[in-house]
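I have placed the structure first, in the form of C-alpha cells, so that the comments after it can refer back to it.
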Amino acid sequence: MTVEEVSKISVINDALNDLFNGNINRDFLNYSFDEAPSEEVLLLAENIKRLIKHFDEVEKFISVLSVGKLNVKAPRNSCLVAPLIDLQANLFKFTNQIKEVADGNYEQNLTFMGELSDEFNKLIKSLHEKKQLENALKESDERFRMIIDILPFPIMLIKVSDSNIYYANKKCAELLCTTQDLLYKQKLSDYFAV
C-alpha cells in the first residue's frame, strides 16, 4: 500500500470514527478523492460519503421529529428510519385521538403504543367518568332547583364560610323584592344583619 493510499484511507477512517462517535463529519463530504491512488480507495471514499449523507438525512429527520414536528418527510430507502416512520405514523394517530378527546369524544382507545397506550386509556376512562359525574351532578342540581322553586315558602342556601348566597328560590326573591339572578351575586349581609 502506498503512502498516498494510507493517507486517504486515514481520512476515510477518521470520518467513520466520527460517525461511530455520533458526529457527522460534513467536511468529509467536500474532501476531494479525484486523485485517489486507486479505484478501490475512490470507491470506498464515495461509499463512505453516501453513508455520511444518509446519516445526515436520518439525523435531521430524527431531530425534527423529536421536537414534535410530525409533518417532516422521512429519508427514503433507509433501514435506520423504518421504525421511526412507524413511530411517526403512530404519533399522527395519537395526535388525532387527542384532538377527538379535546372535542369531547371520550370513545378513544389507544392500542398501538405500549405503555403510552395504557396510560392514555386510563386518562380517557378517568375523563369519561368525570364527565358522567358532572352530567349527573348537573341533572341533580336542576332537579333540586326545580323542587325548591315550586315550594310555597322562601328558601335561601348560603355558603357559611363567606356568606355568599348559593341559591334562593322564587319566593325568596319576591320577598326581598329582587330577582334570583341578582341574589346569586350577593351576600347574606346585603339583606340581613349577620
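The values are calculated or read from the model by the stated rules, or taken from the named source; none is laboratory data. Note that this is a predicted model, so its numbers are computed, not measured. Positions of Cβ are backbone-derived with ideal geometry, glycine not excepted, and every protein chain shown enters the neighbour counts. Note: accessible area is taken over every heavy atom of the protein model, side chains too, but ligands, DNA and RNA are not part of it. Shrake-Rupley method; radii C 1.70, N 1.55, O 1.52, S 1.80 Å.
Key figures
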quantity: Lys, Arg +1 and Asp, Glu -1 on Cβ, resulting dipole of the chain about Cα centre, debye, nearest 20; calculated: 1360
quantity: FRET E, pair Glu129, Ser161, Förster distance 35 Å, beta-carbon r, rounded to 0.05; calculated: 0.75
quantity: Stokes-Einstein D for region 1-97, Kirkwood Rh over Cα pairs, 4 °C, 1.567 mPa s (µm²/s); calculated: 85
quantity: Whole-number percent relative contact order across region 49-130, with pairs defined as alpha carbons under 8 Å at least 6 apart; calculated: 17
quantity: Sparse-neighbourhood loop sites, trypsin sites (Lys or Arg not before Pro) in region 95-172 - DSSP loop, at most 16 other Cβ within 10 angstrom; calculated: Lys159
quantity: Residue-normalised accessible area of region 108-173, given per residue in Å² at a 1.4 Å probe; calculated: 71
quantity: Expected 222 nm ellipticity per residue - DSSP helices of 4 or more, -39500 (n - 2.57), all of the chain, to 500; calculated: -20500 deg cm²/dmol
quantity: Label-point separation in nm, Ser32 to Asp103, each point 7 Å along Cα→Cβ; calculated: 5.9
quantity: Which of Ser78, Ser66 is most accessible, then next, and so on - probe 1.4 Å; calculated: Ser66, Ser78
quantity: Distribution of pairwise C-alpha distances over the chain, 5 Å bins, in %; calculated: 1, 6, 10, 9, 8, 6, 6, 6, 6, 6, 5, 5, 4, 4, 4, 3, 3, 3, 2, 2, 1, 0, 0
quantity: Stretchable slack from Ser66 to Asp18, in nm (0.36 nm times residue separation minus alpha-carbon distance); calculated: 15.0 nm
quantity: Cα centroid separation - region 130-159 against region 54-114, whole Å; calculated: 47
quantity: Stretch gain in nm, segment Ile150-Thr111, where the contour uses 0.36 nm per residue and the Cα spacing is subtracted; calculated: 8.9 nm
quantity: Extended-chain gain in nm, criterion 0.36 nm per residue less alpha-carbon gap, Glu139 and Glu39; calculated: 27.7 nm
quantity: Distance between modelled label sites at Arg50 and Ala193, nm, 7 Å Cα→Cβ extension; calculated: 9.8
quantity: Debye log10 I(q)/I(0) for region 96-194, one point scatterer per Cα, at q = 0.12, 0.15, 0.16, 0.25 Å⁻¹; calculated: -0.60, -0.71, -0.74, -1.24
quantity: Cβ-Cβ FRET estimate between Val11 and Cys79, R0 fixed at 22 Å, reported to 0.05; calculated: 0.25
quantity: Region 147-194, Rg to Rh (Cα coordinates; Rh as Kirkwood inverse mean 1/r); calculated: 0.94
